[in-house]
Amino acid sequence: MKTIDIICIGEVLIDFIGHEVNTSINRTKDYHRFLGGSPTNVAVNASRLGLNAVLVASCGQDGLGDYVIRKLKANNVNTDHIGKSETVPTSVIFVSKSTETPDFIPYRQADCEISESQLPDNVIAQAKIFHTTCFALSKNPARQTILNRAQKAKALGLQLSIDINFSERIWPDREEAKSVLKQYLANDPLVKLSEDDCYRLFAAVKSEEYIFDYFHSLGASTICLTKGKNGVVVSDINQGLFFQKAIPIEEVKDTTGAGDAFWTGFLYAQLHQNSLEETITVAQKLAAIKLQNVGRLPENINIKALIEE
């Protein structure tokens with residue numbers, strides 16, 4: 001009996017999001033603190049949807065690390081596999097609040113201190129999905145831990161998943177990034193990436209055809225390309241291409257974490273055996289809720305009911 005719906009492995013950090021909208025970091029005076037990190041957001045969102053989510057990550061033995069654990073527990077995310085470094089502090093990122101792609105400055109410390117002992121085989125065996133990110137793979141020891149555990153997850157029959165949230169600021173060596181991604185994609189994960197991610201990874205504008213061919217050739221069967229206001233395209237080697245328009249939104253308040261909300265919806269729908277069209281719709285609904293709220297998904301709404309309407 002599989003008791004864990006999703007294992008998210010990768011970065012946990014604190015997002016300090018600027019208080020003024022569409023202002024540079026240079027001009028931002030006040031910041032608000034939020035629990036962040038893409039796999040962390042997915043774990044929290046998944047838990048909010050009633051899934052059993054485990055986060056495998058590392059923070060510092062400090063006040064921000066205590067805040068991380070407190071927030072995760074408040075959201076019913078399993079924290080048994082969170083490491084606490086005694087040598088380096090919790091990672092933080094300063095982010096400008098933006099209705100487009102936000103600017104950010106990362107201060108990376110404990111987030112990459114993930115060891116294999118944090119995720120034993122018997123825990124992987126209980127799970128259905130194993131999810132990570134490009135950010136998490138950018139630095140050792142987390143990189144090697146994730147690649148090794150991913151192979152084990154594949155051998156145990158889990159569905160793998162990755163958000164290719166590539167940024168040269170996080171991972172300056174593009175060729176190394178492509179080489180590491182190639183290793184992970186050999187496990188046939190569900191792939192999420194945005195047009196911005198592609199532009200940064202390839203350092204050029206590439207056609208959808210190029211993007212899909214590139215990732216299919218590395219071993220991924222299902223690739224989801226998000227295009228912001230221009231909707232979503234999914235390429236599946238067995239079912240072909242699917243395009244869906246974006247859900248119109250009156251006012252975008254904060255884009256940080258919208259991709260994570262989208263992907264949580266996608267994985268949630270896939271766990272419930274929804275068709276690809278239904279899956280994209282659920283994902284878009286969850287992203288739309290996030291875009292209309294600053295920080296995380298709001299507390300006082302029944303998200304599950306909203307996306308299943």
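The values are calculated or read from the model by the stated rules, or taken from the named source; none is laboratory data. A quick note: this is a predicted structure, and the numbers were derived from the prediction, not measured. Positions of Cβ are generated from backbone atoms using ideal geometry, with glycine treated the same way; all protein chains shown enter the neighbour counts. Only protein heavy atoms, including side chains, enter the accessible area calculation; ligands, DNA and RNA are left aside. Shrake-Rupley method; radii C 1.70, N 1.55, O 1.52, S 1.80 Å.
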Among Lys73, Lys128, the single one that is in contact with a Lys or Arg (Cβ under 6 Å, 6 or more places away or on another chain), open to solvent by 30 Å² or more (accessible area, probe 1.4 Å) and not polar (S, T, N, Q) is Lys128
Inside the stretch 20-40, the number of residues satisfying the requirement of being loosely packed, with under 15 Cβ neighbours inside 10 Å and either free of Cβ contacts under 8 Å to residues at least 12 places away in the same chain or of a type in the set (S, T, N, Q) (or both) is 5
Working carefully through the options Val68, Val12, find the one that is closer than 21 Å to Arg143 by Cα, aliphatic (A, V, I, L, M) and buried (at least 24 other Cβ atoms within 10 Å of the Cβ). Val12
Looking at (1) open to solvent by 30 Å² or more (accessible area, probe 1.4 Å); (2) in contact with a Leu (Cβ under 8 Å, 6 or more places away or on another chain); (3) at pLDDT below 90, which is the one condition that is false for Ile289? (1)
Which residues, counting only those in the stretch 87-100, are exposed (fewer than 15 other Cβ atoms within 10 Å of the Cβ) and at pLDDT below 95? Thr99, Glu100
Pro172 versus (1) closer than 19 Å to Pro141 by Cα; (2) modelled with pLDDT under 95; (3) not polar (S, T, N, Q): which is the lone unmet condition? (2)
Touching a helix residue (DSSP H, G or I) at 6+ places or on another chain (Cβ under 8 Å), surrounded by fewer than 19 Cβ atoms within 10 Å (Cβ to Cβ) and over 22 Å from Arg169 (Cβ atoms): which single residue out of Asn148, Asn122 fits that description? Asn148
Which number in (1) over 20 Å from Ile164 (Cα atoms); (2) of a type in the set (Lys, Arg); (3) surrounded by fewer than 19 Cβ atoms within 10 Å (Cβ to Cβ) marks the one condition that Arg108 misses? (1)
Among the residues of the stretch 50-61, is there at least one that is in a strand (DSSP E or B), open to solvent by 50 Å² or more (accessible area, probe 1.4 Å) and touching a His at 6+ places or on another chain (Cβ under 9 Å)? no
Test Asp213 against the stated conditions and say whether it is of a type in the set (Asp, Glu), outside any loop (DSSP other than H, G, I, E, B) and at pLDDT below 95. no
Let me spell it out: the conditions are (1) at positive phi; (2) surrounded by 15 or more Cβ atoms within 10 Å (Cβ to Cβ), and Ala261 meets all of them except one. Which number is the exception? (1)
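Results for (1) more than 21 Å from Asn22 (Cβ to Cβ); (2) of a type outside the set (D, E, K, R); (3) open to solvent by less than 60 Å² (accessible area, probe 1.4 Å), shown as yes or no for each residue.
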{"site": "Asp196", "(1), (2), (3)": "no, no, no"}
{"site": "Leu201", "(1), (2), (3)": "yes, yes, yes"}
{"site": "Phe243", "(1), (2), (3)": "yes, yes, no"}
{"site": "Pro248", "(1), (2), (3)": "no, yes, no"}
{"site": "His272", "(1), (2), (3)": "yes, yes, no"}
{"site": "Lys285", "(1), (2), (3)": "yes, no, yes"}
{"site": "Glu299", "(1), (2), (3)": "yes, no, no"}
{"site": "Asn302", "(1), (2), (3)": "yes, yes, no"}
Out of (1) acidic (Asp, Glu); (2) buried (at least 23 other Cβ atoms within 10 Å of the Cβ); (3) more than 29 Å from Ile280 (Cβ to Cβ), what's the single condition that is false for Asp173? (2)
Are there helices (runs of 4 or more DSSP H) fully within the stretch 91-209 with at least 1 residues that are more than 29 Å from Arg27 (Cα to Cα) and of a type in the set (Val, Ile, Thr)? List them. 121-124, 142-155, 174-185
